[in-house]
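Below is one structure, written out as C-alpha cells, with a few remarks after it.
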Amino acid sequence: MSTRIFISYRTADGVDKATALARDLGEIFGDDAVFLDKDDLRGGTAWRQEIDHALDARPILLLLVTPQLLNAVDDRGQARIDDDDDPVRKELQAALQAGASIIPLLCDGLDDVPDAGRLPAPFDRIGDLTWRKLRAYDWDNDIERLSDDLKAFGIPPSKRNRRADDAAPTMAHYARTRRRVMLLVAGVSGVLVAAYAWWLPRDDGPVNLAGRWQAQLWQGEVVSVELAEQGQAVTLASAPVAIADRPDWAEYRRFWSEQGKGELTAIRYRGAGRRIEAPGAAAILDIALEVLPGPDAPPVDSGNLRLHLAADGKTLAGRIWLNSAQADQAAVLTRLPR
C-alpha cells in the first residue's frame, strides 16, 4: 500500500507527539500508510519526492501545530516560519503544490487556533481549513475523531484491524496502543540511560528498593509512593495528589466536569518498568508512568521516570517527563523509615 498519511511537525516540541501519532495511526491503517520522516525517510530521498509518489492516492498532511512550530526562532532571533528554508514551511508548501489535503492539529500549549492572517505564506492558508485537536489529556478521543476523518478521505483500515473496524472502535483499543508506545519508549530510554550510567563501587549485593518513598515529582509536588520489586521488574503506586488548586490542572478539571464526571480533586501516579544493573554501576530505575484520575479509571496522561540510586541507597534522583507538558523536570525519591 502506498503512503497516504504524512506527519509534519517542529522537532523542538513535536517529535514525541508525532512519534506516538504515527504509531497509533499505523496500528489502525497499517505502518505503510503513514510517513514520519525520522522513521521512514531513506537516505538521499526528499520529502517532496515521497509525497509526489503518493499523488494518485490523494495524500493527506497532518500538520502538528505546537507552540514552537509558530514561535521558534533561529540564532539571529528571526522567526523560523519566515525562513524559506524552514523544513516545516517546505513540507507544507510541497503538500499544497501536490494537491494534498491538509488537517492542522491543535496541540497542547495552544488554547485557540492561531490567527492565520498574521502568518507568512503558506501558513496563512491553514486558517481556511478544518482543524482537529491532539491533546495528551484526551488523546484517545482525539485519535478516534482523526481516524474517522481519515476514513472519510478514503483511507481504509489495515486488514488486521478491519474486523475490529466493523464495530465501533473502543477506547480500550486506543488505550492499549498508547500504553504499548509508552512502554517501548521507556525501554529504549532505559538502554540509553544505562549506557551513560555513572560508576560506583559496590561491595554488597543489590540494594532492595521495595518500600515507601517520599517523592518530589511534577511542579515540586511531594507525595508518598510505594515501590515494589520482582526480579528486575519494578512497579510504583502513589498516594492521591491534590490538584484542586493547581493552575496546570485547571483546563483538564474543566473538561472533566463538562463530561459530567463530577469534580476532579486528586490524581494518582502508577508506573511499571525495570531496574537496570551493571557490574560496578549504580542501579537505575526506568519506569513508564500513567497519571490516573482515580484508582480504577483510565489514564489521563503518561510519561517516564528515570532515576539513579545514590551510594547510600536512600535516595533516587533523576528526571520526570510528562507528555502533556512535552517537557521534563527534576525528580527525587527519598526512602522513608520502615
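Only the coordinates and a few stated rules stand behind these numbers; no lab work does. Note that the coordinates shown come from a computational prediction; the quantities given were computed from them, not determined experimentally. When we count neighbours, we look across all protein chains shown, and the Cβ atoms used for this are built from the backbone with ideal geometry, even at glycine.
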Ranked by how many other beta carbons lie within 10 Å on average, peptides 59-67, 252-260 from highest = 59-67, 252-260
Spacing of the two label points (7 Å from each Cα toward its C-beta) at ASP115 and LYS261, in nm | 3.5
Using packing as a proxy for protection, rank 226-233, 261-268, 86-93 so that the peptide with the highest average count of other Cβ atoms within 10 Å comes first.
-> 86-93, 261-268, 226-233
Separation of the GLN329 and THR130 label points, Cα + 7 Å toward Cβ, nm | 3.8
Scaled radius of gyration (Cα, divided by 2.2 N^0.38 Å) that the range 78-144 gives | 1.20
Integer Hz, Karplus 6.51/-1.76/1.60 couplings in order for the range 114-128, x for Gly and Pro | x, 6, 5, x, 9, 9, x, 5, x, 5, 5, 8, 6, x, 8
With a 10 Å radius around each residue's Cβ, average the other Cβ atoms per peptide and rank 211-223, 14-26, highest first.
-> 14-26, 211-223
By the scheme Lys and Arg +1, Asp and Glu -1, what is the net charge of all other residues having a beta-carbon under 11 Å from that of LEU106?
-> -1
Around ASP248, with a cut-off of 15 angstrom between Cβ atoms, what is the net charge of the other residues, counting Lys and Arg +1 and Asp and Glu -1?
-> -3
Fully extended, how many nm does the chain gain between ASP83 and LYS151 (0.36 nm per residue separation, minus their Cα-Cα distance)?
-> 21.0 nm
Taking r as the C-beta separation of LEU96 and ARG338 and R0 as 56 Å, the FRET efficiency to the nearest 0.05 is 0.30
